[in-house]
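The values are calculated or read from the model by the stated rules, or taken from the named source; none is laboratory data. Owing to the predicted nature of the structure, the values given are computational and were not obtained by experimental measurement. Here the Cβ positions follow ideal geometry from the backbone for every residue, glycine too, while neighbour counts run over all protein chains shown. What goes into the accessible areas is simple: the full protein's heavy atoms, side chains included, and nothing from ligands, DNA or RNA. Shrake-Rupley method; radii C 1.70, N 1.55, O 1.52, S 1.80 Å.
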Amino acid sequence: MSVPPRPARSGPAPVMTLGEVAARVRAERAAGATVALANGCFDILHVGHVRYLQASAEEADRLVVAVNDDEMVRQLKGEGRPVLSASDRAELVAALACVDYVVIFPEPTVTQVLNTLRPDVHCKGTD
């Protein structure tokens, strides 16, 4: 089975609910695509984030990025964080050409996203 090419788009990747991303992932898999998941806070997007996501995209045919919500970033990073709201962080990540789908998640770990999407590869940064 031939894997469909990455969908052409003229704007950013869609930022969706977990249920919406799960439906897209099912369709992508049915078409023969593999799926990678990357996750993080992405507060103050920097070149390390971009390199991490570009490398993650090379691991599968499609890349889903899960972004921590504001409360989780506050708990993980401390008072004064996040600098940018979850919706702004998701929009910035979605603007990267290597990203296919973005979801914001409220849990303290990415376990629910992993269990729902069952990606072929879970990519994590070195920090």
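Here are some notes:
- Of the solvent-accessible surface of the chain, computed with a 1.4 Å probe and all protein chains present, 53% belongs to carbon and sulfur.
- Over the chain, Cα pairs under 8 Å with separation of 6+ residues give a relative contact order of 37 percent.
- Residues whose amide H lies under 5 Å from that of residue 68, counting only those 5 or more places away or on a different chain, are 40, 41, 105; hydrogens are built 1.01 Å from N in the peptide plane.
- From most to least packed by mean Cβ count within 10 Å, the peptides 18-24, 35-41, 108-114 give 35-41, 18-24, 108-114.
- Highest average packing first - 87-98, 44-55, Cβ atoms within 10 Å: 87-98, 44-55
- Charged-residue dipole, Cβ positions (Lys, Arg, Asp, Glu), the stretch 12-127 about Cα centre, Debye nearest 20: 180
- Size descriptors for the chain: radius of gyration and Dmax over Cα atoms are 13.9, 50 Å.
- C-alpha center-to-center spacing [the stretch 1-73, the stretch 76-127] in angstrom: 9
- Computed with a 1.4 Å probe over protein heavy atoms only, the accessible surface of the chain comes to 53 Å² per residue.
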